[in-house]
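Novice: Okay, here's the structure, questions in a sec.
Values quoted throughout were computed directly from the atomic coordinates according to the rules given, and no laboratory measurement underlies them. As the structure is a computational prediction, the values presented were derived from the model and not from experiment. Positions of Cβ are generated from backbone atoms using ideal geometry, with glycine treated the same way; all protein chains shown enter the neighbour counts.
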Amino acid sequence: MTTVEMSINPARVRRARLAYGSVLIAVGLFIYLIFGLNTQSGVQTTFGINLAGSNAVPVPDLVVPAQLTVNLMAGIAVFFGAFQLARGIKSTGALVGVIAFTFVVAFLTWAAQGKSFNLTGMINSSLVRATPIALAALCGVISERSAVINIGIEGIMLLSAQTAVVTASLTDNLYVGLLAAILVGAVLAAFHAYLVIRFKVDQIVSGVAINIFGAGFTSFVSSRFLEKNTDLLNNSGVFPVISIPVLDRIPILGPMLFQNNIVVYLTILLVVVMHIMLFYTPWGLRTRAVGEHPKAADTLGVNVYLVRYINVILGGMIAGLGGAYFTIGSVGRFDEIMTAGKGFIGLAAMIFGKWNPIGAFTSSLIFGFADSLQVKLQILRVPIPSEFLLMAPYIVTMIVLTGVVGRATPPAADGQPYEK
């Protein structure tokens, strides 16, 4: 919150300070009562740093006293909560970071007490599972920056995933399958853009229609053709892991960033390229102008319709890449509704990242972490029902939307049809 906003509305600032302080203290007490009192004294938790099969230089594992670590996290949360109540910390991000850090560290230490938990493996898995979410978020960013809402990302990803595996299976070429998925994403996005720009169809309705069509069509094709011809149509294989020499030997970061398949690398590259394009090029300036004030942009000679068409289609191509990841990038086959809501979670990551490519990618890592965590906890056999663990990424989505949507500010013209 800026100094101007603080001077204009001091009561709101005070309420926010009290709220965050109370939440931090509550988190600290929760950690102590639920995790601290249920952690055995004298037991250690081992966090594995070395990932099996990676080229990274081996380093010693991190071994910590379980009960002391949990209680320390509780103390840190309470300390920052008391400091927030007394003095106030201006950075909301720092406060959220303290809450997340103390809770996650305490939870993992409690869950893995007396056992070994591969921390590097979970971090690497978080990036992998965040990849389709990040691509969906990037699709939303570039589309909504030009003021076109596209909630049909889920349907685009489903259709692209199926197209990728069928094409790759028939041609025995994964790259042809990837190209086909990107083209399908572009065609579907172009259809959405045509409806909402040319005919001014409600953007939400158009996106919902794409989602319904994607779920229905892929389910029909899967049950009618793929299940009967699995070896011919639904057995593509997956992209191999590509290791970048020297860099892949860095502990922790090496396996995460420099030992992945081509889709993960393309995702990271897209984040950088899109950020530069949006904020450091004339095209990005036009895109943001169209999203904020299309009439002013039109007055200055910017073709509002063309900018929106191109951005929505580019977003569709990115979503197509995300769809391809589900099949030829990870499992090599198509299963019905295999996207499992990742397109919608991507939209939440976009909002949490404030319509910024880097912010959207960082937010996607949070959702990827939650998804990866529920798998790891099932392996550790923590005393939590598996159904609740499976809900983890969706619970995080609801928490993020509940706490962020009210404060995040979308482009001013987002969702509004333009008329000259």
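Novice: May I ask for the distance between the Cα centers of region 49-87 and region 111-159, given as a whole number of Å?
Specialist: The two parts, judged by their Cα centres, are 25 Å apart.
Novice: Would you work out the relative contact order for the chain, in percent, from Cα pairs under 8 angstrom that are 6 or more residues apart?
Specialist: 24
Novice: Please express the Cα-Cα pair-distance distribution P(r) of region 309-420 as a list of whole percents, one per 5 Å bin, running from 0 to the bin with the greatest distance.
Specialist: 2, 10, 15, 20, 19, 16, 9, 5, 2, 1, 0, 0, 0
Novice: Let me ask something else. What list of ³J(HN,Hα) couplings, whole Hz, do you get for region 151-157 from phi and the Karplus terms 6.51, -1.76, 1.60, once you set θ to phi - 60° and write x for glycine and proline?
Specialist: Along region 151-157, the couplings run 8, x, 4, 4, x, 4, 5 Hz.
Novice: How big is the convex hull of the Cα atoms of the chain, per residue, in Å³?
Specialist: Convex hull volume per residue, Cα atoms: 160 Å³.
Novice: What ranking do GLU336, GLU227 get, fewest neighbouring Cβ atoms within 10 angstrom at the top? Don't skip to the end; give the middle numbers.
Specialist: Working: GLU336 15, GLU227 12.
Ordered by Cβ neighbours within 10 Å, fewest first: GLU227, GLU336.
Novice: At a Cα cut-off below 30 Å, give the lysines reachable from LYS420, other chains included and same-chain residues fewer than 8 away excluded.
Specialist: Within the straight-line cut-off, LYS420 pairs with LYS200, LYS295, LYS354.
Novice: Could you work out how far apart the two model spin labels at ARG198 and ASN38 are, taking each label as a point 7 Å from the Cα in the direction of the beta carbon, and quote it in nm?
Specialist: Spacing of the two 7 Å Cα→Cβ label points: 5.8 nm.
Novice: Return P(r) of region 3-118 (all Cα-Cα pairs; 5 Å bins starting at 0; whole %; ordered from short to long distances).
Specialist: 2, 12, 18, 16, 13, 12, 10, 7, 5, 4, 1, 0
Novice: Let me test this: with uniform point scatterers at the alpha carbons of region 89-184, what is the Debye-based log₁₀ I(q)/I(0) at q = 0.14, 0.17 1/Å?
Specialist: Here the Debye-derived log intensity ratios amount to -0.82, -0.94.
Novice: Going Cα to Cα from LYS115, which lysines come in below 28 Å? Please leave out same-chain ones fewer than 8 positions away.
Specialist: List returned: LYS376.
Novice: If you don't mind, another one. Can you run phi through the Karplus equation (6.51, -1.76, 1.60; θ = phi - 60°) for region 168-181 and list ³J(HN,Hα) in whole Hz, with x for Gly and Pro?
Specialist: So the J values, rounded to whole Hz, are 5, 5, 6, 8, 6, 9, 5, 6, 5, x, 5, 4, 4, 5.
Novice: Compute the normalised compactness of region 222-294: alpha-carbon radius of gyration over 2.2 N^0.38 Å, N being the residue count.
Specialist: Here the Cα radius of gyration is 1.78 times the empirical estimate.
Novice: Ok, one more. Quick one: 3J(HN,Hα) in Hz for region 86-93, Karplus 6.51/-1.76/1.60 with θ = phi - 60°, rounded, Gly and Pro as x.
Specialist: Taking θ as phi minus 60°, the curve returns 7, 10, x, 10, 5, 7, 5, x Hz for region 86-93.
Novice: On to the next question. Might you report the magnitude of the Cβ-based charge dipole of the chain about its Cα centre, with Lys and Arg at +1 and Asp and Glu at -1, to the nearest 20 debye?
Specialist: Using only the charged Cβ atoms, the result is roughly 1020 debye.
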